[in-house]
């Protein structure tokens with residue numbers, strides 16, 4: 001019996017797996033999108049979800065079935081599955097994340113104002129993994145706020161996403177009330193932290209200030 005590892009690229013019309021044997025062949029799996037004929041298994045309109053291991057089982061009336069596996073890898077260009085902006089106060093640590101799925105694995109690059117951010121820039125670090133890239137600011141300054149572009153690429157193509165690092169301002173409440181966080185960026189919200197059950201009520205008096213701030217900003 002002969003079974004081989006197969007690689008294919010997303011966009012092919014079909015993939016044909018061959019499994020030769022002197023026995024009668026029963027291919028598996030049998031599902032929508034698969035066409036089986038003796039020792040051939042055709043995967044029509046292949047997608048990345050059809051990557052994985054396939055089994056070829058050969059049997060007759062003389063011996064027990066013989067099973068072999070063949071691994072199918074579907075190559076496809078990157079697509080970014082998660083890229084979310086974040087708010088950070090001045091002087092604090094901030095992180096922007098960019099997740100991308102791709103085969104082969106994507107390579108990541110970060111840009112701000114069309115300028116590529118180079119590893120080793122003072123106060124900024126880029127951490128890259130096969131499917132995830134992080135842009136880390138160790139001490140956020142006013143200059144760091146703005147829109148950043150994450151670019152993910154492999155030999156089949158590339159894609160990008162815009163991610164915003166926006167300012168979050170903290171305001172101290174009167175004694176015993178705790179503190180309030182005012183977010184002046186996308187999806188602005190207010191929160192409060194103290195030791196009482198009426199936490200969110202303490203921030204209500206600041207809502208008009210937040211609305212006025214947003215109106216002046218935009």
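The values are calculated or read from the model by the stated rules, or taken from the named source; none is laboratory data. Bear in mind the structure is a predicted one, so any value in this text is a computation, not a measurement. Neighbour counts run over all protein chains shown; Cβ positions are idealised from the backbone, glycine included.
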*segment 137-159: number of residues that are in a loop (DSSP other than H, G, I, E, B), exposed (fewer than 14 other Cβ atoms within 10 Å of the Cβ) and either in contact with a strand residue (DSSP E or B) (Cβ under 8 Å, 6 or more places away or on another chain) or free of Cβ contacts under 8 Å to residues at least 12 places away in the same chain (or both)*: 1
_Being surrounded by fewer than 15 Cβ atoms within 10 Å (Cβ to Cβ), under 34 Å from the mean Cα position of the chain (by Cα) and without any contact (Cβ under 8 Å) to a residue 60 or more places away in the chain is the requirement here; does residue 48 meet it?_
yes
_Entirely in segment 62-136, the strands (runs of 3 or more DSSP E) that have 1 or more residues that are free of Cβ contacts under 8 Å to residues at least 12 places away in the same chain_ = 124-128
*asked:* Take the conditions touching a helix residue (DSSP H, G or I) at 6+ places or on another chain (Cβ under 8 Å), more than 30 Å from residue 106 (Cβ to Cβ) and modelled with pLDDT under 85 and apply them to residue 181. Does it pass?
replied: no
*Looking for whichever is under 22 Å from residue 51 (Cα atoms) and more than 12 Å from the chain's Cα centre (by Cα) here; the options are 89, 130, 104. Which one fits?*
104
_Looking at the structure I just gave you, is residue 76 modelled with pLDDT under 95 and either closer than 20 Å to residue 158 by Cβ or not assigned by TED's automatic domain parsing to the domain that holds residue 159 (or both)?_
yes
